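Asks: Handing you this structure, nothing more for now.
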Amino acid sequence: MNRFSGKTIVVTGGNQGIGLAIAERFAAEGANLVLASVEEQVEDAASTLRDRGANACGVVCDVTDAAAVRVLYDRAEHEFGRVDVSVQNAGIITIAKVEALTEKQWDDTMNVNTKGVFLCCQEAIRRMRKSGDGGKLINTASGQARDGFIYTPHYAASKFGVMGLTQSLAKEVAPDGITVNAICPGIIKTDMWDYNDRVWGRLLGEYGPGELMEAWVRNIPMKRAGEGKDVAGLVAFLASEDADYITGQTINVDGGLIMS
Ligand code: NDP
């Protein structure tokens with residue numbers, strides 16, 4: 001299928017984990033990709049996609065920096081002439097008991113996970129409105145936008161924030177033919193979960209390395225952790241014409257872990 005042939009798609013946090021799986025899915029369906037992350041290795045990820053025949057470039061961009069975000073979308077327009085879809089996937093997590101949680105951890109988490117999503121949506125919307133062709137924005141929230149887990153109040157707050165900004169923007173830009181939706185991945189095997197497993201496991205006190213994920217996976221009706229490609233399938237659907245009449249929604253992709 002080449003559903004995204006000729007479309008330009010920005011994916012933040014596109015150099016690894018869920019973001020890379022999303023980029024690979026779009027590349028396989030014919031899109032031009034602009035990958036962004038803070039590390040220079042983002043160009044390596046883009047180069048791998050080019051080796052597979054896709055049009056792709058990597059841009060070093062800290063999504064908390066409004067000027068850098070503007071440059072990211074300028075680059076997308078410069079390379080491919082337009083922005084059709086923007087996937088706000090970059091995110092960070094830290095885990096700490098409430099008395100140990102620092103103001104810096106709070107600020108960093110809100111800045112990347114919530115403000116970063118806002119800045120990218122703002123810049124993408126500017127371009128999409130200018131083109132008059134509409135567009136699709138997909139924001140990565142989390143199961144923690146539904147149900148705050150223990151020892152991550154800052155992360156849960158940042159992801160609930162993503163859901164609120166998704167709904168508000170969706171109402172504003174619907175007349176421009178732009179849809180805005182959010183996704184809530186559950187437990188997805190990435191580097192982020194390596195950290196989660198280690199630190200949550202230690203703080204909860206009863207789990208050795210690798211045991212926490214195993215224990216939590218037992219609560220998933222489908223009895224397995226997710227993979228990046230599970231999330232990529234949902235994102236590709238929301239970016240496609242099949243989702244033209246869907247906006248302001250937050251959709252779980254978690255094997256049934258959370259059913260609300
Ligand atoms: P990873 O840690 O594997 O990847 C995170 C990505 O975000 C990296 O590409 C990283 O870039 C990028 N990033 C971090 N900070 C910034 C920043 N300031 N500016 C630009 N890019 C940044 O995580 P996942 O792939 O697991 O997570 C992707 C998204 O999914 C996140 O929003 C996360 O909160 C969410 N999520 C993940 C779940 C999971 O179980 N894995 C569950 C629910 C939600 P770099 O490598 O350059 O630092």
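The values are calculated or read from the model by the stated rules, or taken from the named source; none is laboratory data. Since the model is a prediction, treat every value here as computed from it, not as a measurement. Counting neighbours? That spans all protein chains shown, and the Cβs are built from the backbone with ideal geometry, glycine included. Areas reflect the complete protein model, heavy atoms only, side chains present, ligands, DNA and RNA absent. Shrake-Rupley method; radii C 1.70, N 1.55, O 1.52, S 1.80 Å.
Asks: Consider E29 carefully, then state whether it is more than 14 Å from the ligand (Cβ to nearest atom) and at pLDDT 95 or above.
Replies: yes
Asks: With the checklist (1) surrounded by fewer than 21 Cβ atoms within 10 Å (Cβ to Cβ); (2) in a helix (DSSP H, G or I); (3) not charged (D, E, K, R) in hand, flag the one item C57 doesn't pass.
Replies: Condition (2) is where C57 drops out.
Asks: Any idea which residue in the stretch 171-198 is surrounded by the fewest Cβ atoms within 10 Å (Cβ to Cβ), counting only those that are over 30 Å from R127 (Cα atoms) and polar (S, T, N, Q)?
Replies: Per the stated criteria, the residue is N196.
Asks: Another question about this same structure. From the residues in the stretch 107-117 that are buried (at least 17 other Cβ atoms within 10 Å of the Cβ) and more than 12 Å from the chain's Cα centre (by Cα), which one is nearest to G30 (Cα to Cα)?
Replies: K115
Asks: While we're on this one: Can you find a residue that is more than 13 Å from the ligand (Cβ to nearest atom) and either of a type outside the set (A, V, I, L, M, F, W, C) or closer than 30 Å to L101 by Cα (or both) anywhere in the stretch 181-189?
Replies: yes
Asks: Please go through (1) assigned to a strand (DSSP E or B); (2) of a type in the set (G, A, S); (3) surrounded by fewer than 14 Cβ atoms within 10 Å (Cβ to Cβ) for S168 and return the number of the only condition it doesn't satisfy.
Replies: Status for S168: all satisfied but (1).
Yes/no matrix, rows are residues, columns are (1) part of a loop (DSSP other than H, G, I, E, B); (2) within 13 Å of the ligand (Cβ to nearest atom); (3) in contact with a Ser or Thr (Cβ under 7 Å, 6 or more places away or on another chain); (4) at pLDDT below 95:
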| position | (1), (2), (3), (4) |
| --- | --- |
| L33 | no, no, no, no |
| E43 | no, yes, no, no |
| S47 | no, no, no, no |
| G53 | yes, no, no, no |
| T64 | yes, yes, no, no |
| M110 | no, yes, yes, no |
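Here's the yes/no breakdown for (1) aliphatic (A, V, I, L, M); (2) within 18 Å of V11 (Cα to Cα); (3) without any contact (Cβ under 8 Å) to a residue 24 or more places away in the chain:
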| residue | (1), (2), (3) |
| --- | --- |
| W216 | no, no, no |
| R224 | no, no, no |
| A236 | yes, yes, no |
| S240 | no, yes, no |
| A243 | yes, no, no |
| I251 | yes, no, no |
| D254 | no, no, no |
| L257 | yes, no, no |
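Asks: Would you check which residues across the stretch 77-108 are assigned to a loop (DSSP other than H, G, I, E, B), more than 10 Å from the ligand (Cβ to nearest atom) and of a type in the set (A, V, I, L, M) and list them?
Replies: V83, I95, A96, L101
Asks: Name the residues in the stretch 148-168 that are within 15 Å of Q88 (Cα to Cα), more than 11 Å from the ligand (Cβ to nearest atom) and in contact with a helix residue (DSSP H, G or I) (Cβ under 6 Å, 6 or more places away or on another chain), would you?
Replies: F160, G161, M163, L165, listed by residue number.
Asks: Going residue by residue through the stretch 139-150, is there one that turns out to be under 25 Å from G6 (Cβ atoms) and either open to solvent by 50 Å² or more (accessible area, probe 1.4 Å) or out of contact with any Asp or Glu (no Cβ under 9 Å at 6 or more places or on another chain) (or both)?
Replies: The answer is yes; a qualifying residue exists.
Asks: Regarding G91, is this residue within 18 Å of V42 (Cα to Cα), open to solvent by 20 Å² or more (accessible area, probe 1.4 Å) and touching a residue at least 60 places away in the same chain (Cβ under 8 Å)?
Replies: Judged against the criteria, G91 is a match.
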